[in-house]
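The values are calculated or read from the model by the stated rules, or taken from the named source; none is laboratory data. Keep in mind that what you see is a predicted model, and the values were worked out from it rather than measured. When we count neighbours, we look across all protein chains shown, and the Cβ atoms used for this are built from the backbone with ideal geometry, even at glycine.
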Amino acid sequence: MPTLSMILNGQEVTVEVEPGDLLANVLRDKLGLIGTKISCGEGECGSCTVLVDGLSVASCIYPALKAEGREVTTIEGMARDGELHPIQQAFVDATAPQCGYCIPGMIMSAKALLDENPRPTREEIKEGISGNLCRCTGYYQIIEAIELAAERMAGKGGAA
Amino acid sequence: MSTRVLGKSVPKKDAATKVRGSRKFPQDFDMDGQLHAKVVWSEYAHARVLKIDTAQAEALPGVVKVITAGDVPVNEYGIIIPDQPVLVGERDKVRGLGDRIVIVVAESEKVAEEARRLVQVEYEPLPVVSDPREAMKPDAPLVHDELGDSNVFRHIKIRKGDWEKGFAEADVVVESYYATPYVEHVYMQPDAGIGYIDDQDRVTVISSAQWPDHDLRQIAPMLDLPKEQIREIVPAIGGAFGGREDMHVQHLLALCAYCVRRPVKMVFDRSEVMITTGKRHPWYVKYRTGATNDGKLTAVEIEIISESGGYASTSAPVIEAGTSFSAGPYVVPNAKVDAYAVYTNNAVTMAMRGFGTTQSAFIYEMQMSKLAEALDMDPVELRMKNLFRDGSIGLTGHAMPQGVGIRETLRESAVAAGWKEKQGHWIRPDLGPASAPHKQRGIAVACGLKNVGYSFGSDDRATVGVELALDYSGEIERVTVLSGACDVGMGVQTVLAQMAAEALGVEYKQVRVSMVDTAKVPDSGSCSASRMVWISGNALLGACQEALGKRDEILMAETGETLVRAEHQFRGLSVRETTPYDLETGMSVPHFSYGYASQIALVEVDTETGETEILKFWAAQDVGKAVHPEMVRGQSAGGVHMGVGYALTEEYIQQEGMAKTTHLSDYCIPTVMDMPREFFSITVEVPDPTGPFGAKGVGEMTTLPTAPAIISAIHDAVGVWIDEFPATAERVWWAMQKK
C-alpha cells in the first residue's frame, strides 16, 4: 500500500493509503480528524474544505496522494493551545453556527480568504464563501462573523 | 423577575465545540469491532418483487449477514400508521424508490458496497401512479391495493357560512390554479449512525432524530421487544427541518444490531438522502376568493390535492394543518374547502418546515396579491382590512386566542420598507430606478401564521427535568436540565438553559443541558411544530418551580441533602382544549397557540433572461418573547433562505416516479450569492399568555411568507403571475413571452 507523507496541522504525518483514497476519508477514517465533514461527496457544498498549501480545496474529491509533501490544515489545526482562533471565536460571538455541520468548512474558507485578503469587503467575503452551502443560517451571521474576525485580527475592536 | 439572561444573546451552549470541529455528529462515531451496512434500494417506483438472490453477496469474503424481509420480526413501521415495510420481500410490492429490499452487513464499508451490487432482484413492473390528480380517478391503479379501492386516504371538508351568498355579494372574484413543487430538506448532515447492543442488553442506536422516544415506539414493535429494551442516543444533529421526524436509519441500525449483535455503522451518501428520504408535499390547488370593492373578503372556495407518495407518513396531519390555514390570517365569513391526501409512487412526502402551512401561505397570499391588483388597492391596506385580531373568528369557526401579532409584523415590515400610512390608507414606497435598462423592479408583501404544538385534540405534552446541585448552605451551585428536546441546530438547549437560569436565579454558565439519551432523559416530544420553546419551556418552568419548592423543604428540614431533582410534564390541552375537524362542517378548535410573520421583498427582474435578484428583504416575526434575539434573527434568515430556494430554484424532479435531481449539483439550494443583498430582520414581541415568559414558536413561521412575497414582487416588476413555481429564469421568461 502506498504511503502519504504530509505536514498536517504543523506536524509531519505518514499514513498508508490506497491509490483511490480521497483526502477527506483519509483525514476522517485513518487519522481521526472528524472535524472535516462530508455532505455532498462531489465538491459542491464546501463542508469538507481544508487548506492545502494555504489554498482551500474540497477534500471529498481531492486525491489523498496529491497532498504528498504538502502542508494540510484542517479545522483541528486552527485553535492554538486550546485557545480558539480569532475566526472561530468570532463565529461563536456572532451566533453563526446553527446545526454546525457546514461550519468547519466555512471557517476554513474564511481562513483562506483572510490569509489572502485581511480586510475584505462584504462582497469579497460573499465570494469567499460562495462555494460553501449552509441550510440553516441564511449566511448573514456567517458573513458578520468573518467581518468581526477581520476587524479583530487587524487589531481594531480588541479581542474580547 | 430578573432579566439577566432572558433576552440576551449569550454564546450558544454548543457553539465552541462546533467551531472547533470536535462536536460529534452521528457519522463521527466509531466503535471497536464495528461492521458496516449498506441498503439495496428499490430500482422501481412501482413493481412486484419476484425474486431476491443474495447468494453471490453472501459468498463474498467479509460479508457477515445479508438481512432480508424474513429476518425482521414484524416487518412494518410508520410514524403514524405502520404502513411501510422495513424490507420488501419476495411477492411483495415496492411503492417507490425509497423502499428497501436487503441490507448487507460486512467487515468494511468497501465490502458492504461491493456486496450490495451483487444482490440480484427480479421485478415485475406495475403501472406507475405519478400524478395525484390522475391517482384520484376511479380507474387509477392502486398504490395500496390492501387498503381499499381509492388512492385518496384523507378528505377534509370545511363548510362555513353561505359561500354562494358570499360570492354573490362579492364585487370582485379572483380565481387561480396553483401547483407547488416537490422539495427536499437538504439538511447538510447526511443520515448516519451506529446500532449496537449496550451493556444492559438494550438495542441502541446513535443517530440524528427529532423525536427519539417516538422512534422507540416504532422500533420496539418492529423487533417485538418492549420499548424499555430500545435506546436512542442523539448527538449533534446536522439540521432536520422536519425531515428527520420520520426514521431513515434508526430502525435499520436497530435491525442490524439485533441481527448480528455487533456494532453496525451506516452512512448514507447524498444521493441516498436525495432519492429515499421524504419531501415537502406538492399541492395542486383551485382557489376562488371574493371581495367587495372596499376590500372586505366575502368568501373563499378552495380545492387542495396534496401528494403523499407511497406511504402515509405524516401526510394526514400535514394536510389537516395546512388546510386549517388555507384562508390565511384573514377573517373570511364564508368558505367551502375540500382537501385530499393522495397516494402516488413518487417520493414519500412528510413533515417539512411549515408542515403544510408553507403551501397554504403561498396560495392565500398569491390570492391577496391578485385581489389587491384587481381592486386597485395597496396590498398592505387590503391585508390590514382583513387581518385577524384577538378574538377574530377563523376558518374553522374558532376564536383566535389572545396574542395575535400579525398586524404588528405587517406594520413594522411595511414601515421599514418605506410604506407610509396616511388617513387609514397605505402608500407604497418609490422603488428608485433599476440598475440597468433591461431590468425592472418590483416590491411585494406577504403574511403568514402557523400553529405552535400539535393540533386537533392531540394530547401534546413534554416532560422536562432539572437537577440542582446545592452547596452546604443550600445555594444552587450547578443546574442540569434533563430533556429529550433534540437540538437540530436552532438552539433549543441554549434556550432551555437561559430559561432555567432565569427561573432559578443562577448564571447561564451554571446550567448544563444533558445530551439526549432516551435511557437518561424524559420524553419532551418532537422537535417540530415550532413547539419546543413553548411546550418544553413551560415544562421546564414547572420543573424549576417544583425543584425550588423541594429545596426549601430540604433547607427547612436541615437534612443536609445536596441534590434536588424535579420533573414536570406540561400538557398543551391544559391551556386550550383543541378538537378534531367536524366531519361534515370542518368546524373545530384547531390549535393551542400561534406564531406570526410578515415579509417584504424588493426584487429586480432581468427582462432579457427572466432572472430574479432580491435586492432587499424585510422579515418581521412575532415571537412573543425573544429569549435569544440573535438566534431569532438566525431563524428568520434561515427561514428566508429556505423560502428563497422554494420561490426561485428548488425543484425535486421525477419522471414516472424516477428521480432526476439526485445531487446538490442539480438540486440547487441558495448560495450566499443568491440571498437578498440586504436583509432586515425585525422581531416583534406580542406576548402569548400561555407561553413561557410570553414566548411563542418561531422556527417555521419565518419561511411561510417568503415565496409568495418574492413571486408577487416578480409580478410587480414584470407583470406575470408565476402560479406554478419555482420561478426559475426560464419560467419567468416564458411567462413574459406569453403575456
Report summary line: Of all helices (runs of 4 or more DSSP H) fully inside the stretch A:71-160, the set with 3 or more residues that are surrounded by fewer than 24 Cβ atoms within 10 Å (Cβ to Cβ) and more than 9 Å from chain B (Cβ to nearest Cβ) is A:103-116, A:122-128, A:140-153
Requested in this report: Can you confirm whether the stretch B:41-59 contains a residue that is surrounded by fewer than 16 Cβ atoms within 10 Å (Cβ to Cβ) and at positive phi?
Outcome: no
Report summary line: Selection from the stretch B:539-551 of residues closer than 15 Å to residue B:574 by Cα and either surrounded by 24 or more Cβ atoms within 10 Å (Cβ to Cβ) or in contact with an Asp or Glu (Cβ under 7 Å, 6 or more places away or on another chain) (or both) yields B:539
Report summary line: Residue set B:347, B:257; condition among the aliphatic types (A, V, I, L, M), outside any strand (DSSP E or B) and under 30 Å from residue A:29 (Cβ atoms); output residue B:257
Query raised in the report: Can residue A:60 be described as touching an Asp or Glu at 6+ places or on another chain (Cβ under 8 Å) and within 14 Å of chain B (Cβ to nearest Cβ)?
Result: yes
Report summary line: Checked pairs for the stretch B:5-29, first within 7 Å of chain A (Cβ to nearest Cβ) and buried (at least 19 other Cβ atoms within 10 Å of the Cβ), second among the hydroxyl-bearing types (Ser, Thr, Tyr) and part of a helix (DSSP H, G or I), C-beta under 6 Å and 6 or more apart or across chains, list as B:12/B:494; B:23/B:17
Query raised in the report: Which pairs do you get when a residue that is more than 11 Å from every other protein chain (Cβ to nearest Cβ), found in the stretch B:487-501, comes within reach of a residue that is polar (S, T, N, Q) and part of a helix (DSSP H, G or I), reach meaning Cβ atoms under 6 angstrom, with the pair 6+ apart or on two chains?
Result: none
Requested in this report: Return yes when residue B:710 is among the aliphatic types (A, V, I, L, M), on the phi < 0 side of the Ramachandran plot and in a helix (DSSP H, G or I) and no when it is not.
Outcome: yes
Requested in this report: Tell me which residues, restricted to the stretch B:641-675, are in contact with a Phe, Trp or Tyr (Cβ under 6 Å, 6 or more places away or on another chain) and either modelled with pLDDT under 95 or part of a helix (DSSP H, G or I) (or both).
Outcome: B:672
Requested in this report: Give just the number: which of (1) more than 14 Å from chain A (Cβ to nearest Cβ); (2) surrounded by 24 or more Cβ atoms within 10 Å (Cβ to Cβ); (3) touching a Lys or Arg at 6+ places or on another chain (Cβ under 8 Å) does residue B:208 not satisfy?
Outcome: (1)
**Report entry** Segments classed as strands (runs of 3 or more DSSP E), wholly inside the stretch B:556-640, with at least 2 members that are of a type in the set (A, V, I, L, M, F, W, C) and assigned by TED's automatic domain parsing to the domain that holds residue B:711
**Finding:** B:593-606, B:612-622
Query raised in the report: Can you pull out the residues in the stretch B:695-739 that are more than 17 Å from residue B:447 (Cα to Cα), among the polar types (S, T, N, Q) and in contact with a Ser or Thr (Cβ under 9 Å, 6 or more places away or on another chain)?
Result: B:728
Report task. Tell me which residues, restricted to the stretch B:629-657, are within 11 Å of another protein chain (Cβ to nearest Cβ) and small (Gly, Ala, Ser). Result -> B:634, B:636, B:637, B:638, B:639, B:643, B:645
Requested in this report: Return yes when residue B:91 is within 14 Å of chain A (Cβ to nearest Cβ), modelled with pLDDT of 95 or more and in a loop (DSSP other than H, G, I, E, B) and no when it is not.
Outcome: no
Report summary line: Scanning the stretch B:153-187 for residues that are outside any helix (DSSP H, G or I), basic (Lys, Arg) and surrounded by fewer than 20 Cβ atoms within 10 Å (Cβ to Cβ) gives B:154, B:157, B:159
Query raised in the report: Does residue B:719 qualify as being away from chain A (no Cβ under 14 Å), surrounded by fewer than 24 Cβ atoms within 10 Å (Cβ to Cβ) and of a type in the set (Gly, Ala, Ser)?
Result: yes
Requested in this report: At least 3 residues that are closer than 25 Å to residue B:25 by Cα, assigned by TED's automatic domain parsing to the domain that holds residue A:128 and not small (Gly, Ala, Ser) in each: list the strands (runs of 3 or more DSSP E) lying fully within the stretch A:1-65 that qualify.
Outcome: none
Report summary line: Filtering the stretch A:98-117 down to residues that are within 16 Å of residue A:36 (Cβ to Cβ) and in contact (Cβ under 8 Å) with a residue 40 or more places away in the chain yields A:101, A:102, A:104, A:105, A:106, A:108, A:109, A:111, A:112
Requested in this report: Could you list all residues from the stretch B:389-426 that are assigned to a helix (DSSP H, G or I) and buried (at least 21 other Cβ atoms within 10 Å of the Cβ)?
Outcome: B:406, B:409, B:410, B:413, B:414
Query raised in the report: Counting only residues that are of a type in the set (A, V, I, L, M) and touching a Lys or Arg at 6+ places or on another chain (Cβ under 8 Å), which one in the stretch B:215-252 is surrounded by the most Cβ atoms within 10 Å (Cβ to Cβ)?
Result: B:230
Query raised in the report: Restricting the stretch B:302-317 to residues that are touching a Ser or Thr at 6+ places or on another chain (Cβ under 8 Å) and assigned to a strand (DSSP E or B), which is surrounded by the fewest Cβ atoms within 10 Å (Cβ to Cβ)?
Result: B:302
Query - Within the stretch B:188-201, tally of residues that are outside any strand (DSSP E or B) and within 14 Å of chain A (Cβ to nearest Cβ) - result: 4
Query raised in the report: Taking the stated definitions as given, is residue A:49 of a type in the set (Val, Ile, Thr) and over 16 Å from the mean Cα position of the chain (by Cα)?
Result: no
